[in-house]
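S.K.: I am attaching a structure below and will ask some questions about it afterwards.
The values are calculated or read from the model by the stated rules, or taken from the named source; none is laboratory data. Note that the structure is a prediction, hence the values are computed from the model and not measured. Note that we place each Cβ from the backbone using ideal geometry, even for glycine, and neighbour counts take in every protein chain shown.
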């Protein structure tokens, strides 16, 4: 037999013996009933007095305020961290732009120095050589 057949056989519905109901009824009748008053008292939770209720309400309010304050402080801290990160990113971008501007100014300065040197050479050179230099270009 395989597993499915064994399970099917084990889980088939069977009729209880004929005296099953009578035996169960007899067991229930012979069982000693539990004292209902003691059982009820055991199940009840102790009631708080009015002064205890005030203390409980006060503690609940204090806990709520503590959680709310903690949450607000955490939120403010997160906002400060985000702002500091934005400032750092802005500073890094500004530094990069400054470096780019310095490089651009150095390139422009080098080009202007080249032009200045050419102009100096032209002004000191003879007019005939200047014309000849212009034609070769």
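S.K.: If the requirement is being in a loop (DSSP other than H, G, I, E, B), at pLDDT below 85 and surrounded by fewer than 10 Cβ atoms within 10 Å (Cβ to Cβ), which of these qualifies: 17, 33? Before you say what the answer is, go through the steps one by one.
M.R.: Values: 17 fails: at pLDDT below 85.
Every option except 33 fails the conditions.
S.K.: Only one of (1) touching a helix residue (DSSP H, G or I) at 6+ places or on another chain (Cβ under 8 Å); (2) at pLDDT 95 or above is not met by residue 104, so which one is it?
M.R.: With respect to (1) touching a helix residue (DSSP H, G or I) at 6+ places or on another chain (Cβ under 8 Å); (2) at pLDDT 95 or above, residue 104 is out only on (1).
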